[in-house]
1. Which residues, counting only those in segment 269-310, are more than 16 Å from THR240 (Cα to Cα), in a loop (DSSP other than H, G, I, E, B) and open to solvent by 50 Å² or more (accessible area, probe 1.4 Å)?
2. Determine, yes or no, whether ALA285 is touching a Cys at 6+ places or on another chain (Cβ under 9 Å) and among the aliphatic types (A, V, I, L, M).
3. Taking segment 138-162, which residues are polar (S, T, N, Q), modelled with pLDDT under 90 and open to solvent by less than 60 Å² (accessible area, probe 1.4 Å)?
4. Looking at ARG41, is it among the basic types (Lys, Arg), surrounded by 13 or more Cβ atoms within 10 Å (Cβ to Cβ) and modelled with pLDDT of 90 or more?
5. How many residues does segment 264-280 hold that are within 14 Å of THR252 (Cα to Cα) and either of a type in the set (A, V, I, L, M) or touching a Lys or Arg at 6+ places or on another chain (Cβ under 7 Å) (or both)?
6. Scan segment 81-138 for residues that are of a type in the set (A, V, I, L, M) and touching a Phe, Trp or Tyr at 6+ places or on another chain (Cβ under 8 Å) and jot them down.
7. If ARG109 satisfies every condition in (1) open to solvent by 30 Å² or more (accessible area, probe 1.4 Å); (2) over 53 Å from the mean Cα position of the chain (by Cα) but one, which is the exception?
8. Looking at the structure I just gave you, is PHE23 modelled with pLDDT under 90, aromatic (Phe, Trp, Tyr) and not in a helix (DSSP H, G or I)?
Amino acid sequence: MSREIGVAMMMSVRMAAPLPLIFLIMIHGVSSADWGVSYSRSHICALKDSSVIMNCTYTYPTGHQILKVFWTKTHIINGDEEFPDLSEDPENSQRLQYLGDKQQNCTIRLNHVTQKDDHMYYFRFTTDKNKWIGKSGVNLTVTGDFDLQVESPERVTEGHNVSLTCKSSCALTDRATFIWYRNSQPLTERRDGNNQLLLQSVRREDAGRYSCALHGHTYISPDAHLNVTYAPKNVSVSITGSGEIVEGDSVTLICSSDSNPPALNFSWFKEDQSSSVGSGQSFSALQSGRFYCEAHNQHGSQRSDAVTVTVKGRLVIIPISIVCGACGAAVFIITMLILWIKKRNGSQNAQMNHGQHKGCDVEMTDSVYENVADAQRCTKTCKPELNSSVYENIPKKKKK
């Protein structure tokens, strides 16, 4: 904030007054405690076509009445010339708005600025006795392009607060509206009236690429990466293969977690034991029970749910070659038994047929019947016809 002491001019002095009185009046007129103009910012950088607010206050001695207040682009005049009033300039009359009063506030707004508005600006006021101008003024710079950059810490721990700043190549006005982006998506709920983005109680979801822009302008700053560190989360145990094993074998358990930084230390526990039973990201379980792991990093630890491992007695497994050999032997024995039974039954049937044919003159096994297909179907009388084919191989006797 700058404060400028201008030059006070006495409107009138009675020549008849004694010299000491005149001296006192002149000292009172130029006192820095009574006259002055203060500008909140000595330099303002504005974007083309944006609005600029120049904040200022002014003071004057008691007993004075304000007659006129205005802004001008010059603080030097020749002779009796009056300072030009910006509000009376046709180029500024529609764009300039006086927001102050005739007491202490001298703030103005200049809308739709162009590069022609690059200039020094001064506030001047006139009382019923004196005139005053704030000589330090405000330097306005209007630019069509500029650089934006996001400043943020490299990393933040989950649960802490963090502030990101959108910085530009020039000091923008207080009315500049910043829009923030995370991973190229606008954070509409976080549009701020200043150039800072405050993230309270940061979560791991807040990690990502942040950029900023000015409302009404297309330029977007380069990305700045925010890394959120946190204790292990989503810790779980996976089993390679089945949770059921036979006695003497083992099953491998693997511990995994969401880790920033990644978990480097792992501990294994069995539910019925107070001390750990192993360490490392993987663990070989040899016994039945419920096992769980704990993942650790510098921000804390978290345990997983327990998984069940079941150990069963070892099974006796017969080699398939032995099984197949036994099966073959059984099949052979069964086959031979069936053949023997059939042969035995056939022999008994033959004996029965022979007993039935005792009255016959010819044995059934005689070579006479070797070509006879139905030799076993002999009639009860055993007297076939003489011209039967049964006797075709029997030599005939010659008659005497």
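1. Hits for segment 269-310 are GLU271, ASP272, GLN273, SER274, SER275, GLN298, HIS299, ASP305.
2. It is false that ALA285 is touching a Cys at 6+ places or on another chain (Cβ under 9 Å) and among the aliphatic types (A, V, I, L, M).
3. Answer for segment 138-162, where residues must be polar (S, T, N, Q), modelled with pLDDT under 90 and open to solvent by less than 60 Å² (accessible area, probe 1.4 Å): THR141, THR143, SER152, THR157.
4. The answer is no for ARG41.
5. Residues in segment 264-280 being within 14 Å of THR252 (Cα to Cα) and either of a type in the set (A, V, I, L, M) or touching a Lys or Arg at 6+ places or on another chain (Cβ under 7 Å) (or both): 1 in total.
6. Selection gives LEU86, LEU96, ILE108, ILE133, VAL138.
7. Every listed condition holds for ARG109 apart from (2).
8. no
The values are calculated or read from the model by the stated rules, or taken from the named source; none is laboratory data. What you see is a predicted model, and the numbers here were worked out from it, not measured in a lab. Because the Cβ atoms are built from the backbone with ideal geometry, glycine has one as well, and the counts that use them run over all protein chains shown. Note: areas computed on protein heavy atoms with side chains; ligands, DNA, RNA excluded. Shrake-Rupley method; radii C 1.70, N 1.55, O 1.52, S 1.80 Å.
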